[in-house]
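What follows is a short report on a single structure.
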Amino acid sequence: MTTQRREVLVSEVTALPLPRVVSDLPLSVGVEEEFLLVDADSGKLLPLAPMVLGGVRTALDLQQEMTLYQVESATPVCRSMAEVRAQLMAARGALSALAGSHGARIVATGTPVFSGVRPPPLADSDRYRTIAAEYGMLVDGLTICGCHVHIGIPDQETGVLISNHLRQWLPVLLAISANSPFAEGRDTGYASSRYLAWSPWPSAGAPPWFESAEDYHRHTQVLRTAGAALDPAMVYWDVRLSARHPTVELRVCDVAATVDEAVVLAALVRAIARTALDGRPAQRVPDLVLRTAMWRAARDGLDGAGIEPHTGRLVPAVDMVRSLVDWTRPALRSVGDEDLVLDGLDRVLMDGTGAARQRRAYRRRESLLDVVEMLVAQT
């Protein structure tokens, strides 16, 4: 990382003492990535998930998603970012090979560059058919891909503590990951149009601040009583307690354009969780401020301004990144992730987010196919 860029990410207050460490072991982490399947020649969506994954025998966790246009991978429980990176590389490689055998490619982008069928063809599942029947046209916007980071927790009270800490940094994490400017054949005007497409779901968006695990479950019960969520797995908040694993799950990010960017996101999320456990207080950001900050992050990514959740001020987006780095620095340093994160953010700031790189690919010849080809290459 260049000296000049490091100075951008480091404020005057860098010599923070290491806080009290709750455990010497690094927190466990896992990453899920969702990808689109596109035709190798036209770049258009292909509903081939059952064929691509049918009969696959691998130690990797490769799965279908809700639509037939998508495939998903999930890492096992990891303790280091080196493990996360190796698992993500292996999964992307395996999915690429499987898709290629059917004339398809996988692309890591939050929304399809070219349009598909509406409503999208769904995986053969009674649950998905019920969701389609209950939520109608909301299913039309489900051909979107995110990156979900899981942090292992000993109990749900710890998960709620971490959720409250992650909540204040959601706009920054979304801005860093923004990777969906094009959708259905046009530039949407947003760096993360995926976030906007997902927002109409009644259980989506930033979670409330929770006083306890009991308070968390009271809120989820409101959703279920109203029919806004059919079951715990349909609590789609940007941060939630996982319905299947002993983890707290961050769901706000677009699927990362590259493996290295996914690793940086995972390291930042784990560092926020570590900071929470080490006793640093979280700020209770008002719901209106947070909602507005999320919209601005989805619009600008890192290329413009953002609303600093702790003050409500409009600031350069890079200032929000600097604040997050400073806030998590002791936690990053304690597990040896500081340089990894600084160097990764340096690359994003110099080369642009996934959204900025997609737009740059389009500007060369004003060709959406060029965008898809760039996405295939970097995926």
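The values are calculated or read from the model by the stated rules, or taken from the named source; none is laboratory data. Since the structure is predicted, the reported quantities are computational estimates derived from the model, not experimental observations. Neighbour counts run over all protein chains shown; Cβ positions are idealised from the backbone, glycine included. Side chains included, ligands, DNA and RNA excluded: accessible areas come from the protein's heavy atoms. Shrake-Rupley method; radii C 1.70, N 1.55, O 1.52, S 1.80 Å.
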Sole exception among (1) crowded, with 17+ Cβ neighbours inside 10 Å; (2) out of contact with any Asp or Glu (no Cβ under 6 Å at 6 or more places or on another chain); (3) at pLDDT below 95 for E65, by number: (2)
Kindly establish whether R299 is in a loop (DSSP other than H, G, I, E, B) and in contact with a Phe, Trp or Tyr (Cβ under 6 Å, 6 or more places away or on another chain). no
How many residues does the stretch 274-298 hold that are in contact with a Ser or Thr (Cβ under 8 Å, 6 or more places away or on another chain) and over 19 Å from W209 (Cα atoms)? 2
Checking F114 against (1) farther than 19 Å from D370 by Cβ; (2) open to solvent by 30 Å² or more (accessible area, probe 1.4 Å); (3) part of a loop (DSSP other than H, G, I, E, B); (4) in contact with a Ser or Thr (Cβ under 9 Å, 6 or more places away or on another chain): exactly one of these is not met. Which one? (1)
Cβ-Cβ under 9 Å pairs, at least 6 apart or on other chains, the stretch 259-270 side without any contact (Cβ under 8 Å) to a residue 12 or more places away in the chain and within 14 Å of T75 (Cβ to Cβ), far side open to solvent by 10 Å² or more (accessible area, probe 1.4 Å) and assigned to a helix (DSSP H, G or I): none
Residues of the stretch 159-186 satisfying the condition of being within 13 Å of D238 (Cβ to Cβ), touching a Ser or Thr at 6+ places or on another chain (Cβ under 9 Å) and in a loop (DSSP other than H, G, I, E, B): W169
Within the stretch 326-379, residues being part of a loop (DSSP other than H, G, I, E, B), open to solvent by less than 40 Å² (accessible area, probe 1.4 Å) and out of contact with any strand residue (DSSP E or B) (no Cβ under 6 Å at 6 or more places or on another chain) number 4
Restricting attention to the stretch 68-111, report how many residues are open to solvent by 10 Å² or more (accessible area, probe 1.4 Å), farther than 19 Å from V31 by Cα and among the small types (G, A, S). 4
